[in-house]
Each structure stands twice: as structure tokens, then as C-alpha cells.
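See below for the structure under consideration.
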Amino acid sequence: MHGIDLLPIRWWTNEFAIEMANLDTTQIKPILVYDGDCDFCRYWIFRWSHITKDRIDYAPYQEVYAKFPEIPLPDFQSSVKLIFENGQIYSGAEAILRALNNRTLLWCYTKLPGFSLISETIYRFVAKHRQHFSKLTRGFRKNT
């Protein structure tokens with residue numbers, strides 16, 4: 001299905017207008033939720049936001065975790081979450097690759113044996129050592 005095929009037949013009906021009026025439009029774009037207390041995280045969110053432009057919203061979990069009761073707080077604390085309006089949730093390296101929409105790396109992640117395991121292992125290592133990487137990030141930012 002492409003283009004016009006995505007439009008419902010009932011486009012001009014009152015039923016459709018009522019349905020559209022009742023939609024929750026508070027989250028139209030996907031949102032990447034990160035640790036707002038982490039300098040390393042904030043640095044990379046700032047950089048990625050220039051790549052993703054207005055396709056993705058960004059928010060620290062400290063501000064939005066209550067809006068997503070289906071995700072336990074420790075999950076937010078352990079890795080980034082990319083949350084789509086349809087309820088689909090991605091975490092860690094996969095969330096980042098999907099947010100950046102890098103088709104080559106996404107293909108590798110989903111099709112190349114071992115790529116997702118290596119990506120998530122690296123992500124978990126960095127996430128577990130965020131304090132150290134935050135210190136490095138502060139050093140980079142002073143030198144730039």
C-alpha cells in the first residue's frame with residue numbers, strides 16, 4: 001500500500017470526522033527518551049537532533065516516564081527508548097539506529113548475524129559506564 005491507497009474510503013463521512021476529532025494527537029512523532037542527568041546522553045541527543053531534524057521528539061525520562069506507565073522506571077534508567085505512537089517501543093542500540101533512520105546499519109542490525117548482539121553489547125557497556133563517558137564528554141566539549 002502506497003500513496004492514496006492509505007486513505008480510508010470513508011474519508012468524507014461524518015464517522016471519520018468524529019474519529020479524527022477523538023484522536024489523541026499529543027504524540028504524533030516518535031519520541032526518544034533518554035537520561036537527562038547524563039552529560040554523555042545529552043551531548044549525543046543534541047548531535048542526533050541535528051540529524052533527525054523534526055522527525056523525532058526528544059525528552060529526558062525524568063520528565064516523561066509517568067506518561068508511559070507500561071514501561072517500568074528501571075527500564076528508562078538503563079537505556080534509551082524510542083516510542084512510536086502505535087505503541088511500538090525500541091530500546092538501546094536498536095532505538096538509536098531506528099531514530100537516526102540509517103538504512104544500512106538497520107539492515108545490518110536486522111539481517112547480519114551477530115551485528116545486533118555486538119551493537120547491544122557495546123551499547124550496554126557504554127550505558128553501564130555512563131559516568132565515565134560523561135566525564136570524557138565534558139572534556140571533549142571543553143576542547144571544542
For segment 27-143, place one equal point scatterer on every Cα, skip the solvent, and apply the Debye formula. What is log10 of I(q)/I(0) at q = 0.15, 0.23 Å⁻¹?
-0.68, -1.46
Other residues with Cβ under 15 Å from the Cβ of residue 130 give, with Lys and Arg +1 and Asp and Glu -1, a net charge of +2
Using a 7 Å offset from the Cα along the Cα-to-Cβ direction at both residue 136 and residue 107, what is the distance between the two label points in nm, to one decimal?
2.9 nm
Flagged as over-length at 19 Å C-alpha distance, from 81/111; 67/128; 29/81; 53/128, the pairs are 81/111; 67/128; 53/128
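Bear in mind that the values in this text are calculations on the coordinates, not laboratory data. In this text the structure is predicted, and so the values were computed from the model without any measurement. Note that each Cβ is placed from the backbone with ideal geometry, even for glycine, and that neighbours are counted across all protein chains shown.
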